[in-house]
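S.K.: The structure that follows is given in the form of structure tokens.
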Amino acid sequence: MAYDWPVRRAHLDDVKEMHALLLDCAQKGLLLPRALSYLFEHVRNFWVIDAPDGGLAACCALAPVWDDLAEICSLVVREDCRRQGLGRRVVEACLSDCDVLRVKRVFSLTYQVEFFSTLGFSTINKGDLPQKIWSSCVHCPKYPDRCDETAVFKLLEGTRP
Ligand SMILES: CC(C)(COP(=O)(O)OP(=O)(O)OC[C@H]1O[C@@H](n2cnc3c(N)ncnc32)[C@H](O)[C@@H]1OP(=O)(O)O)[C@@H](O)C(=O)NCCC(=O)NCCS
């Protein structure tokens, strides 16, 4: 039977593997590294996908930011598991939390604009995002003048008024 790549909420004992996945991508300059302590504190924001070998195939977080706004962040699919729909599934799992939280707008800062456009995100001017988002950016070596990520944004439909 084909493996169905189960998507589930992250547990505390996933954190060290999430940290390793994120660090590998951070070293390639694809996203911001996250400290272990940050991941333990924010573990409730994360969804993960189990790989058939028992490791983690993917992780992603929905981080509430302000009013009705949240960020999709710390998105990684393990290199040997890419292009099989896992990135889409783990982002959709994060988006499924938006209704409960009353999040109406989501954004991400990314180099993967085409990936996000397949999920209905559009590019926006970074200056149009609230200043609060820069609280994690200030830890980035590229902040503020060398930030070369693109801001992508999605207005959610069907959320409660
Ligand atoms: C970006 C990333 C999460 C995509 O994960 P993935 O599992 O390979 O993506 P999926 O298979 O779910 O792809 C979903 C759609 O996006 C498209 N897509 C995926 N990666 C793409 C890319 N690099 N360029 C263009 N399109 C891409 C797929 O073709 C697919 O389109 P379809 O639905 O029309 O078939 C993965 O490449 C990754 O982990 N990259 C390194 C870390 C990173 O850049 N994270 C993003 C930080 S915000």
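The values are calculated or read from the model by the stated rules, or taken from the named source; none is laboratory data. The structure displayed is predicted, hence computed values, not measured ones. Note that we place each Cβ from the backbone using ideal geometry, even for glycine, and neighbour counts take in every protein chain shown. For the accessible areas, the whole protein counts, side chains as well, though only heavy atoms, and no ligand, DNA or RNA atoms are used. Shrake-Rupley method; radii C 1.70, N 1.55, O 1.52, S 1.80 Å.
S.K.: Mind listing just one residue for me: the one in the stretch 68-84 that is in contact (Cβ under 8 Å) with a residue 24 or more places away in the chain and part of a loop (DSSP other than H, G, I, E, B) and, of those, nearest to the ligand (Cβ to nearest atom)?
M.R.: GLN84
S.K.: Which one is nearest to the ligand (Cβ to nearest atom), of the residues in the stretch 3-28 that are more than 11 Å from LEU39 (Cα to Cα) and assigned to a loop (DSSP other than H, G, I, E, B)?
M.R.: LYS28
S.K.: Quick test for you: out of CYS60, CYS94, pick the one residue that is modelled with pLDDT of 95 or more, touching a Cys at 6+ places or on another chain (Cβ under 6 Å) and under 15 Å from PHE121 (Cα atoms).
M.R.: CYS94
S.K.: May I ask you to list the residues in the stretch 118-145 that are in contact with a Ser or Thr (Cβ under 8 Å, 6 or more places away or on another chain) and within 11 Å of the ligand (Cβ to nearest atom)?
M.R.: PHE121
S.K.: Can you name the condition, by its number, that ALA61 falls short on among (1) closer than 23 Å to LEU101 by Cα; (2) in contact with a strand residue (DSSP E or B) (Cβ under 9 Å, 6 or more places away or on another chain); (3) open to solvent by 50 Å² or more (accessible area, probe 1.4 Å)?
M.R.: (3)
S.K.: Can you tell me how many residues in the stretch 1-23 are of a type in the set (D, E, K, R) and surrounded by 15 or more Cβ atoms within 10 Å (Cβ to Cβ)?
M.R.: Number satisfying all stated conditions: 2.
S.K.: Of all residues in the stretch 88-110, which are near the ligand (Cβ under 6 Å from one of its atoms) and in contact with a Leu (Cβ under 7 Å, 6 or more places away or on another chain)?
M.R.: ARG88
S.K.: Go through the stretch 33-58 residue by residue and tally those that are in contact with a strand residue (DSSP E or B) (Cβ under 8 Å, 6 or more places away or on another chain) and open to solvent by 30 Å² or more (accessible area, probe 1.4 Å).
M.R.: Count: 6.
S.K.: What tally of residues in the stretch 1-55 results from selecting those that are of a type in the set (Phe, Trp, Tyr) and in contact with a helix residue (DSSP H, G or I) (Cβ under 7 Å, 6 or more places away or on another chain)? Even if it seems obvious, please write down each step before you answer.
M.R.: The first filter runs over the stretch 1-55 and keeps only residues of a type in the set (Phe, Trp, Tyr), leaving 3, 5, 38, 40, 46-47.
Pick out the ones that are also in contact with a helix residue (DSSP H, G or I) (Cβ under 7 Å, 6 or more places away or on another chain) and you get 5, 40, 46-47.
The number of residues fulfilling the criteria is 4.
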